[in-house]
Each structure stands twice: as structure tokens, then as C-alpha cells.
1. Quick one: would you say residue 206 is at pLDDT 85 or above and buried (at least 22 other Cβ atoms within 10 Å of the Cβ)?
2. Condition test on residue 89, is it within 16 Å of the chain's Cα centre (by Cα), farther than 14 Å from residue 166 by Cα, modelled with pLDDT under 85 and buried (at least 21 other Cβ atoms within 10 Å of the Cβ)?
3. Looking at residue 45 and the list (1) modelled with pLDDT under 80; (2) in a helix (DSSP H, G or I); (3) touching a helix residue (DSSP H, G or I) at 6+ places or on another chain (Cβ under 7 Å), which single condition is not satisfied?
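The values are calculated or read from the model by the stated rules, or taken from the named source; none is laboratory data. What you see is a predicted model; the values in this text were computed from it and never measured. Here the Cβ is made from the backbone with ideal geometry for all residues, glycine too, and neighbour counts use every protein chain on show.
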């Protein structure tokens, strides 16, 4: 069975094989995300990660309002393309290292987002925070809202290189978020602060164009989770 950090890669491999073998022929409209989750026994973020890679490599194309379709415009990945697939998270030490990396990276993304956000990006940030609130702290969906929020911060930073790095880190980030979610029933104060209050503090700083505040709040948010294991 694939390790959690490699689930997106495993689903990508299976879907690519289905395209190459003709099981998913050219022009086929792919099943919905929910159907793909059931087919491969994984969560929506895992399916989305696999489909994003398939899109980038020219195996599928997504048409807004219509769905995703199989195409034949495959791009052979460059041998120098970076990958984090070998950095599978297998223990708390790996999670803490990932969190340390995220503190540095996402702290700067939050700072840039505070400088560069547009009305459209602020709407997405507000919607992501609202999703976290509406899902509640006891819902698996909270992970979806959390992923959406952090991705929206990176997008608002308007740096294509950073966006590419974030995509590479997503499988590892997902593992950390699932572990964080697992602590919520045991540590209700941690759940309230980490799940709700800290995201709001990050967004408030970004909205106020408080560069240093946004950097600080994001670093504190990511670091607070790692502190629970030290």
C-alpha cells in the first residue's frame, strides 16, 4: 500500500495507465471527483493533486462548467524537473521538518500576499475561511478548507515559481494537516486556536496589507502545530 505522502503519485500512475491503455480513451469525460475518490479509495485533495499533474503533462483538460476530458497532448517531463516523491513522511520527525520548511516558505508567501492581493484573491481567501468555519472542527472537510486557504495565500503572492514549489509540497502538507486534525478531539483548545483563530489572524493581516504581521501570523500558525510534538 502506498505511503500517504505518495498517494497522489499512486493515483496519477493509475490514471495515466488508464489513459495509455485506452481504458480512458481520448475525448472521454472523466468521472467526478467523488467517483474517482471511491474508485481509488482516497480523499479529494489526493485526487486533485493527481489530476493537476495530469493536466500539466497534457493528459487531461478541464473545461469550466463541463468537467475534465482526456486529451492527447502529453508533455514528456524534463529529467531536471524537481520532485519531492522520495521525501515520504513516515514519522513525527519528518512532519516537524516539513513544518519548519513551510514556516519559512509560507511565511514569505503570506508577506507577499499582503503586498499583492487583488479583490478576486481576497474573495477566495474569505471563501476558504468561511469553508473552514462552516465545516466545523469535527469534520473531515476542514482539511479541504485548510488546504484551500493556504493555496489561496500562495496564489495571492503572485509568484509562479513559488506556486510550483507549493504544488510539489502538497502531498507532504496533506499528511501534516491530517495529523493536525487528529489532535483536535484530544486538544480542544489547540483545535479552536489552530483551526479557526490563527487562520483569521493571518487573513486579517493580509487584508490590512500588514506585511510583517502576515509573515509573523503564518509562521506562528505553522510552528504552533510542530510545537505540540516537541
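1. So residue 206 passes the test.
2. yes
3. Failing condition for residue 45: (1).
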